[in-house]
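S.K.: Have a look at the structure that comes next, please.
Where a number appears in this text, it was derived from the coordinates with a stated rule and is not lab data. Not measured: the values here are computed from a predicted model. Cβ coordinates were reconstructed from backbone atoms using ideal geometry, including for glycine residues, and neighbour counts include every protein chain displayed.
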Amino acid sequence: MQIVTANRLIDGRVVFRDADGRWVESFAAAAVLDAAAATAALEAAGRDVAVRLIVEPYAVDVISEDGRLAPKAMREKIRVSGPTSGSEAAAHAALSRAA
Amino acid sequence: MYVYDDFDHQFVRARVAQFRDQVARRLSGELTEEEFRPLRLQNGVYLQLHSYMLRVAIPYGTLSSRQLRKLAVIARKYDKGYGHFTTRQNIQFNWPALKDLPDILEELAEVEMHAIQTSGNCIRNVTADHFAGAAPDEIADPRPYAEILRQWSSLHPEFSHLPRKFKIAITGATTDRAAVRFHDVGFTMKKNDAGEIGFAVHAGGGLGRSPFVGFELRDFLPEADLLGYTEAILRVYNLYGRRDNKYKARIKILLHEVGRETIRDEVEAEFAQIRDTALKLPKADVARIAAQFAPPAFEALPEVSAIETAARAKDPAFDRWVAANVAPHKAAGYASVTLSLKPVGGVPGDATADEMEAIADLADAHAFGSLRISHRQNVVFPHVKRDDLPALFEGLVAAGLATANAGLVTDTITCPGLDFCALANARSIPIAQAISQRFADPVRQAEIGPLDVKISGCINACGHHHVGAIGILGVDRKGREFYQITLGGDAGVDARLSDSAGPGFWPDEVPGAVEIIVATYLALRTSRAETFLDAYARVGLAPFKAALASEEKAA
């Protein structure tokens, strides 16, 4: 299982591709894809790079963890949840709560 | 400090206007990402794990209170209310939006700051001793020469597309606080027999995946030849440095592969061609720039401050802080003070906008409005009257910035690691936090004495683990974070790369491993006067490795 992620061009924020092909900030809204669908989604993402919505799209392996979907790699977990430590983690948590 | 003239102002503003146009063209689609990437990197803009990151240059780590207040404004207005001071004396903002970056650069230009050459394959920010202009062991302030190098290297057309980045450091002191032997080029000021100022020149030092101690190219380079000789080094590097493999492109690899003596001969041959050209530094120009770094007018004071002495006797916390964070000064009755950005459990090198403003206020009140950023990721007030130390301490306590740990086990150098960096394999910050919590007791830290712990989240070694008394390197082991420990590194005059202490530890085991290293040191040191590195030089790796191995076996 994979999802497709990128950074938004205008502000650099981490975004995920949802089932309607939109780029959203919520990992939970990301479309979960098999290999063939991920390839097609990356092709579509390439077109979104061309129209300046996003940069650097790529596919991320996801797994089921404690009944919820999560990225397999630590790097991608941190990219989804934000920095794990210190003032930044607190700021990120506050922003997440406000969102 | 150096004050911009009309040319400097125009130069930086022109650069801001140029970048504003480049960002607009990127957002309009006129520039592709491939076309835009090198342009944004030339202006210090990276795309990191979560967002863009802007690295702002703090030339040779020197900053005014006015500039720090502007950094606070930028942190609050365009970022998430904080900034991160780096191991190259710069500041990074972790969350700026691309659309805001031209405005940020314009605000920086108002206070004579920019992000030029903080990235890319060019000559980067020249770093210097953070006690420059204040240290008692200094021959002269190295910053005028750092400024001369900065002016010469800024947008230097011949050196804007080097094989790889190029880092220069300079110190004017006998104690090396600038790690000059671990830079592409390192200058150590010295005097010859005639009393003239010059430089010992080291080249090819560096950390990363291939660490090397710099090689001495020149025992004494006359002051007038600073630019000519540096240009000769850069020309030889630019000509022969590898461009086929970015991991072998630094000058250290060139020296290693071609031979140090061969490269030295090439540099000398090149220098012979250009030494008497326009690059010869006129005395008058050096004096003109040096005048801008003239120290403030110090009062004639006694060496010992009765006010400080009485406060130390009365307040153990103040006494500990002075012992750890206050360094001697060349002027009687003055001191240089380290403001630790390593509170227990904090993020090493981070400062919030509120903290920056508090620091700026305290600098105005007690330190002539003058600050430094150290490569150890702390703030330094270079000139403080010793009589003012109790009042300064009180202000720092109120601001939460009075951690008494400069140079001690919790004063870690720590890269951003996998929490922020797109290159990292493992997190660094949580390891630093766990170590600082484990060794939080200030009395115990003082008992242990000077001990550099340096943590990197990948082999690129931004956390300087190769030159840590205790170095910690995060790696990826089958998808999990894992940490290798090295011992005995020294970034100073006795430059030495650290030795591997064994296979390594999982994250939650690292503080315990550091505990074992510390306990082993305490058990074998001959006295409190024998520092960790002194003891290591005497006994070597073996007892530490054995102690760690028994822990690994037990685990």
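S.K.: I need the phi-derived Karplus couplings for segment B:531-548: 6.51 cos²θ - 1.76 cosθ + 1.60, θ = phi - 60°, integer Hz, Gly and Pro marked x.
M.R.: Once rounded to whole Hz, the list reads 5, 4, 5, 4, 5, 5, 4, 7, 9, x, 6, 3, x, 6, 5, 5, 5, 5.
S.K.: What shape does segment B:413-554 take by its C-alpha gyration tensor, where a ≥ b ≥ c are the square roots of the eigenvalues and a/c under 1.5 counts as rounded, a/b above b/c as prolate, and the rest as oblate?
M.R.: prolate
S.K.: Then there is this: So for the pair residue B:32, residue B:292, with labels modelled 7 Å out along Cα→Cβ, what separation do we get in nm?
M.R.: Roughly 4.1 nm, to one decimal.
S.K.: Also, quick follow-up: Could I have the simple spin-label model distance between residue B:542 and residue B:14, label points 7 Å from Cα toward Cβ, reported in nm to one decimal?
M.R.: So the two model labels end up 6.5 nm from each other.
S.K.: Once phi is turned into ³J(HN,Hα) by the Karplus curve 6.51 cos²θ - 1.76 cosθ + 1.60 with θ = phi - 60°, what whole-Hz value does each residue of segment B:33-50 show in order, with x for glycine and proline?
M.R.: 4, 4, 6, 7, 3, x, 6, 5, 5, 5, 10, x, 9, 9, 10, 9, 4, 9
S.K.: On average, how much area does the Cα convex hull of segment B:135-291 cover when viewed from any direction, in nm²?
M.R.: Seen from a random direction, the Cα hull of segment B:135-291 projects 9.3 nm² on average.
S.K.: Note down the Stokes-Einstein diffusion coefficient of segment A:2-72 in µm²/s, whole number, using a Kirkwood radius over alpha carbon pairs, 10 °C, and 1.306 mPa s.
M.R.: The estimated diffusion coefficient comes to 132 µm²/s.
S.K.: Averaged across the residues of A:7-15, what count of C-beta atoms belonging to other chains lies within 10 Å of each residue's C-beta?
M.R.: Across the residues of A:7-15, the mean count of other-chain Cβ atoms within 10 Å is 6.
S.K.: Which three extents, in angstrom, do the Cα atoms of segment B:291-380 have along their principal axes, listed largest first?
M.R.: 40, 38, 22
S.K.: Which far-off residues, 5 or more places away or on another chain, put their amide H under 5 Å from the one on residue B:190, with H placed in the peptide plane?
M.R.: Under 5 Å from the amide H of residue B:190 lie the amide H atoms of B:198, B:199, B:200, each far enough along the sequence or on another chain.
S.K.: For segment B:140-148, what does the Karplus curve 6.51 cos²θ - 1.76 cosθ + 1.60, with θ = phi - 60°, yield as ³J(HN,Hα) per residue in whole Hz, taken in order and with x for Gly and Pro?
M.R.: 6, 5, x, 5, x, 6, 4, 5, 4
S.K.: Mean 1/r over all different Cα pairs, inverted: what Kirkwood radius does segment B:6-110 give, in Å?
M.R.: Result for segment B:6-110, one decimal place: 14.3 Å.
S.K.: Something else about it: Tell me which residues come under 5 Å, amide H to amide H, from residue B:426 once H is placed; ignore anything under 5 positions away on its chain.
M.R.: Amide H to amide H, under 5 Å and 5 or more residues apart or across chains, residue B:426 pairs with B:418.
S.K.: Then there's this: For A:74, B:113, which order do you get if you count the other beta carbons within 10 Å of each Cβ and list the fewest first?
M.R.: Ordered from fewest to most neighbouring Cβ atoms within 10 Å, A:74, B:113 come out as A:74, B:113.
S.K.: Where Lys and Arg each count +1 and Asp and Glu each count -1, what net charge lies around residue B:480 among other residues with Cβ under 13 Å from its Cβ?
M.R.: For residues surrounding residue B:480, the net value is +2.
S.K.: Same structure again: I'd like the mean, over residues of B:41-54, of how many other protein chain beta carbons sit within 10 Å of each residue's own Cβ.
M.R.: Mean inter-chain Cβ contacts per residue within 10 Å come to 3.
S.K.: When the convex hull of the Cα atoms of the protein assembly as shown is projected onto a plane and the area is averaged over all directions, what value comes out in nm²?
M.R.: With every direction weighted equally, the projected area is 30.4 nm².
S.K.: Right, something else. Sort B:188, B:262 so that the residue with the fewest other Cβ atoms within 10 Å of its own Cβ comes first and the one with the most comes last.
M.R.: Placing the least packed residue first, the sequence is B:262, B:188.
S.K.: Next question. Take every residue in peptide B:304-315, count the Cβ atoms of other chains within 10 Å of its Cβ, and give the average of those counts.
M.R.: 0
S.K.: List the aspartates and glutamates whose Cα lies under 14 Å from the Cα of residue B:80, skipping any in the same chain that are fewer than 8 positions away.
M.R.: A:11, A:88, B:100, B:350, B:354, B:355
S.K.: Can you give the net charge of the other residues whose Cβ lies under 11 Å from the Cβ of residue B:63, counting K and R as +1 and D and E as -1?
M.R.: +3
S.K.: Mind checking the full-extension length gain between residue B:196 and residue B:493? Use 0.36 nm per residue of separation minus the Cα-Cα distance, one decimal, nm.
M.R.: Net length gain for the segment: 104.7 nm.
S.K.: Can you list the residues, at least 5 places off or on another chain, whose amide H is less than 5 Å from the amide H of residue B:44, using H built in the peptide plane?
M.R.: B:117, B:118, B:119
S.K.: Could you pull out every Cys in the protein assembly as shown that lacks a partner Cys with its beta carbon under 4.7 Å away?
M.R.: Those would be B:122, B:421, B:458, since no other cysteine Cβ in the protein assembly as shown comes under 4.7 Å of theirs.
S.K.: Fewest to most neighbouring Cβ within 10 Å: what's the order for A:81, B:498, A:26?
M.R.: In order of increasing Cβ crowding within 10 Å: A:26, A:81, B:498.
S.K.: Rank-order B:22-32, B:422-432 by packing density, defined as the average count of other C-beta atoms within 10 Å over each peptide's residues, highest first.
M.R.: B:422-432, B:22-32
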